[in-house]
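Participant: Sharing a structure, written as structure tokens. Questions coming.
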Amino acid sequence: MLIAHMSDVHLGRRQYGLEARAKDYEIAFFNAINEIIRLHEERGVDAVLVTGDLFDNPRPSPSTYLTAIKGFSRLKDSGLDVIITRGNHDASVINPVDNPISVLSSSGLVKYLDLNYVDYGKLRIIGVGCVPSSDHGKLTRGLRELMGSGLNIVMMHQYIEGAPYRYPMPNIDYYTIPAGELPINAYYAVGHIHEHALRHPSLNAVYPGSLEIWDSQEFETYILNDGKLSKVKQQDPKGFLLLDTDYGDRVRVEPIRLRGGRRMIKVLINVNGESPSVFREHLGELSSLNYRDAYVEVNVTGELGEGFSVRDYGFNAVKGLIRDALKVNVKLTVTKRSSVKGQVVHGLLDLIQSVLGKNLSNEAMVNAILRALDLVNDGKVNEARVALEKALGIGDDVEWLQ
């Protein structure tokens, strides 16, 4: 049996508050539907698993419902069964029973599994949904009671402890389940982690990931440093999995990557203390990229040049260099570079006060102060230190800012 496994569709998600991003999530869903139907016709895919977070909200809008109905109707009309379990976005923790997945199930478009199963010959597909970490014992006990004697595929929407996800995910701790408590005689079709084709290191479990970009760390990424723009990362792949059960007690997993989708771009700009005019010259490199219809996030970090303010740099000019984008979001995290002279003078204050406190009538000490200030003005930090320490009669055990 050949089964398509998708997860974390998040229909209705207006990422960054943009209606265009909600449309992107819808398009990704339909692209997956089209690809599954193609694989059904060419390779004989029999069924589709959806392991939670079909919706981004447990109360989807009517238009979001219609999107799901349209997509699943196409699968049903093509002769494909759709088997679905709930995720943490599909239902509230307080009342997980009444949820939009159950509404779709009542229409006959999908088979909703929540601590129950469906058999295809010797293959048993079990759905256990999503539970808080505190309830994982109840889930695992229920799962063991549902296991069949043949090949078991378990659908769940959880973080299985030990899965090596790269990017921070919300509610990881809240929806964690220990790998050691899960039966080993099963394949786990899991959702909740959004990285495509992420495998668990010790359990027979693979995450298909989300169908659309979720986090900025998944973006196509560039670094602008000292006037040189370098690409450091491609946009992360997105898609679903193809599960082949015709291998005895094993499941063969094939990642299917979805093509297209909106470009999501991140540009990291380093400010290295250069003057505003030099920085603006370096910014010219941004114009070399094609940003058409992309969502662009620009992160500016580093130190401003000595004596300059944020206003002097005119960071808002960044947006003017990024043309034809869907939206440009600029994040600014810069600090002022302290003057070396200012640091030294501040560091010398205690010593100068000590010298003055000794005896102003002492000509040697007065001369030491004047000499030290002259040396500081000339940038000769070490010589100033030596002059003051000699006047105070102390050694080299004083820490200095240099």
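The values are calculated or read from the model by the stated rules, or taken from the named source; none is laboratory data. On a predicted model such as this, the values are computed, not experimentally measured, just so you know. A quick note on method: Cβ atoms are made from the backbone with ideal geometry, for glycine too, and the neighbour counts reach across all protein chains shown. Please note that ligands, DNA and RNA were not included when accessible areas were found on the heavy atoms of the full protein model with its side chains. Shrake-Rupley method; radii C 1.70, N 1.55, O 1.52, S 1.80 Å.
Participant: Quick check on the range 286-318: of everything there that is over 26 Å from ALA22 (Cα atoms), among the aromatic types (Phe, Trp, Tyr) and not in a helix (DSSP H, G or I), which residue is most open to solvent (accessible area, probe 1.4 Å)?
Facilitator: PHE308
Participant: Can you find a residue in the range 66-75 that is closer than 22 Å to MET155 by Cα, part of a loop (DSSP other than H, G, I, E, B) and open to solvent by less than 20 Å² (accessible area, probe 1.4 Å)? Before the answer, list the steps.
Facilitator: First, the residues of the range 66-75 that are closer than 22 Å to MET155 by Cα: 68-69, 71-73, 75.
Narrowing further to those that are part of a loop (DSSP other than H, G, I, E, B): none.
No, the conditions are met nowhere in the range 66-75.
Participant: What number of residues in the range 224-261 are over 20 Å from ASP293 (Cα atoms), open to solvent by 20 Å² or more (accessible area, probe 1.4 Å) and under 20 Å from the mean Cα position of the chain (by Cα)?
Facilitator: Residues that pass the stated criteria total 2.
Participant: Another question about this same structure. When only residues in the range 150-188 that are open to solvent by 40 Å² or more (accessible area, probe 1.4 Å) and without any contact (Cβ under 8 Å) to a residue 24 or more places away in the chain count, which is farthest from VAL93 (Cα to Cα)?
Facilitator: By that ranking, first place goes to ILE184.
Participant: Let me ask another. Being over 14 Å from TYR222 (Cβ atoms) and among the hydrophobic types (A, V, I, L, M, F, W, C) is true for just one of LEU268, LEU286, LEU304. Which residue is that?
Facilitator: Only one candidate passes the filter, namely LEU304.
Participant: LEU49 - would you say it is out of contact with any helix residue (DSSP H, G or I) (no Cβ under 7 Å at 6 or more places or on another chain) and over 24 Å from SER216 (Cβ atoms)?
Facilitator: Values: out of contact with any helix residue (DSSP H, G or I) (no Cβ under 7 Å at 6 or more places or on another chain): yes; over 24 Å from SER216 (Cβ atoms): yes.
Judged against the criteria, LEU49 is a match.
Participant: I'm trying to understand the selection: among the residues of the range 13-26, which are buried (at least 20 other Cβ atoms within 10 Å of the Cβ) and either in contact with a Phe, Trp or Tyr (Cβ under 6 Å, 6 or more places away or on another chain) or among the acidic types (Asp, Glu) (or both)?
Facilitator: ARG13, ASP24, GLU26
Participant: Give all pairs with beta carbons closer than 9 Å in which a residue from the range 114-129 that is of a type in the set (Ser, Thr, Tyr) meets a residue that is open to solvent by 60 Å² or more (accessible area, probe 1.4 Å); count only pairs at least 6 apart in sequence or on separate chains.
Facilitator: TYR120/ASP46
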